[in-house]
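**Q** Pasting a structure here, questions to come.
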Amino acid sequence: MKILAISGSARAASTNTALLRAMKNIAPADVEFLVFNRLDALPVFSPDSEGEATPAAVREFMETVSAVDGIIISSPEYVRAIPGGLKNAIDWMVSRFEVIGKPIALAHASHRGDDMLASLRLVLSTVSDHFLENIFLRISLIGKSPDEIEKLIKMSEHESKISMFLTDFITEVRQND
């Protein structure tokens, strides 16, 4: 099984990326867990750039999306909204077939961001008929460095929450096959 974890942040020291990397370390051995944190590499979506004109970075990203069994997204909130880079990636996905039917779940590395999460839930439920709104992970890591996050994630309460989230998600993904 392959899972793609997309960080909604292009920041090098992103708490959301750190959370996804921690998930990768906790994921079962039989799960290939890919973390994508290069939304800044995707050009701005334009319908004129689809088909034969699709940029190489988008083709590579969509090949990855096509090859996975499920997607986890962890994103910060920017001005109470979905970050532009993540929305851009979703815009590239929505006009194609690769994401259709893929189970998608959300994780969040902050105690705030409910406006963004509500908007992202609406968008994802439109993009995929298999958005798993009931599977959600929230661990407040805001203001922590990647090293601090690595230590926090190893605490039994956080590791347990992540394991339960992954178990629930993987179960849904397997049922979707």
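**Q** Taking just the C-alpha trace of the range 14-75, give me its Rg and Dmax in Å.
**A** 13.9, 41
**Q** For the range 36-177, with all protein chains present and a 1.4 Å probe, just round the carbon and sulfur fraction of the accessible area to a whole percent.
**A** 50
**Q** Now, a different point. How much accessible area per residue does the range 58-131 have, counting only protein heavy atoms and a probe of 1.4 Å, in square angstrom?
**A** 41
**Q** Sorting check: for 29-36, 101-108, which peptide has the highest mean count of neighbouring beta carbons within 10 Å, and how do the rest follow?
**A** Result, highest mean first: 101-108, 29-36.
**Q** Out of all DSSP beta bridges with both ends in the chain, state the antiparallel percent to the nearest 5.
**A** 5
**Q** Further, regarding this structure: Can you give me the relative contact order of the range 20-177 as a percent, contacts being Cα pairs under 8 Å and 6 or more apart?
**A** The value is 23 percent.
**Q** Next question. Using DSSP to call loops (not H, G, I, E or B), can you name the trypsin sites (Lys or Arg not before Pro) in the range 1-86 whose Cβ has at most 12 other Cβ atoms within 10 angstrom?
**A** Answer in residue order: Arg80.
**Q** Another question, then. Return the sequence-ordered ³J(HN,Hα) values of the range 73-90 in whole Hz as given by the Karplus equation 6.51 cos²θ - 1.76 cosθ + 1.60 applied to θ = phi - 60°, using x for Gly and Pro.
**A** Each residue's phi maps through the Karplus curve to give 10, 10, 9, x, 9, 10, 6, 6, 9, 5, x, x, x, 5, 4, 4, 4, 5 Hz.
**Q** For the chain, with equal point scatterers placed on the C-alpha atoms only and solvent neglected, what are the log10 I(q)/I(0) values from the Debye formula at q = 0.08, 0.16 1/Å, to two decimals?
**A** The Cα Debye sum returns log10 ratios of -0.22, -0.93.
The values are calculated or read from the model by the stated rules, or taken from the named source; none is laboratory data. Keep in mind that what you see is a predicted model, and the values were worked out from it rather than measured. When we count neighbours, we look across all protein chains shown, and the Cβ atoms used for this are built from the backbone with ideal geometry, even at glycine. Protein only, heavy atoms only, side chains kept; ligands, DNA and RNA dropped before computing areas. Shrake-Rupley method; radii C 1.70, N 1.55, O 1.52, S 1.80 Å.
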